[in-house]
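Engineer: What follows is a single structure, and I will ask about it in a moment.
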Amino acid sequence: MTKIFARLMKDESGATAIEYGLIAALISVALITGATALGGSLNNQFQNLSSYLDVEAK
């Protein structure tokens, strides 16, 4: 029984999979945050352009 437990403690393949999962999660959070910020910035730009064109058209 102690041999099985010792072998499980030495096995790091599960830890590697968890590390890759955490890295993938952090990358996806960064991408979502960047896309959200970019979307807000683009929305502001188009709102300003729309306001400018409305004023110029009158």
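The values are calculated or read from the model by the stated rules, or taken from the named source; none is laboratory data. This one's a predicted model, so the numbers in the text were calculated from it and none came from an experiment. Positions of Cβ are backbone-derived with ideal geometry, glycine not excepted, and every protein chain shown enters the neighbour counts. We work out accessible area using only protein heavy atoms, side chains counted, and drop any ligands, DNA or RNA first. Shrake-Rupley method; radii C 1.70, N 1.55, O 1.52, S 1.80 Å.
Engineer: Considering only segment 1-13, state which residues are of a type outside the set (S, T, N, Q) and part of a helix (DSSP H, G or I).
Structural biologist: Those that are of a type outside the set (S, T, N, Q) and part of a helix (DSSP H, G or I): Lys3, Ile4, Phe5, Ala6, Arg7, Leu8, Met9, Lys10.
Engineer: Still on this model: For residues that are of a type in the set (S, T, N, Q) and open to solvent by 90 Å² or more (accessible area, probe 1.4 Å), scanning just segment 2-58, find the one that is farthest from the chain's Cα centre (by Cα).
Structural biologist: Per the criteria, the residue is Thr2.
Yes or no, residue by residue, for (1) modelled with pLDDT of 95 or more; (2) touching a helix residue (DSSP H, G or I) at 6+ places or on another chain (Cβ under 6 Å); (3) part of a helix (DSSP H, G or I); (4) of a type in the set (S, T, N, Q):
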position: Ala15; (1), (2), (3), (4): no, no, yes, no
position: Glu19; (1), (2), (3), (4): no, no, yes, no
position: Ala25; (1), (2), (3), (4): yes, no, yes, no
position: Leu31; (1), (2), (3), (4): yes, no, yes, no
position: Gly34; (1), (2), (3), (4): yes, no, yes, no
position: Leu42; (1), (2), (3), (4): yes, no, yes, no
position: Phe46; (1), (2), (3), (4): yes, no, yes, no
position: Ser51; (1), (2), (3), (4): no, no, yes, yes
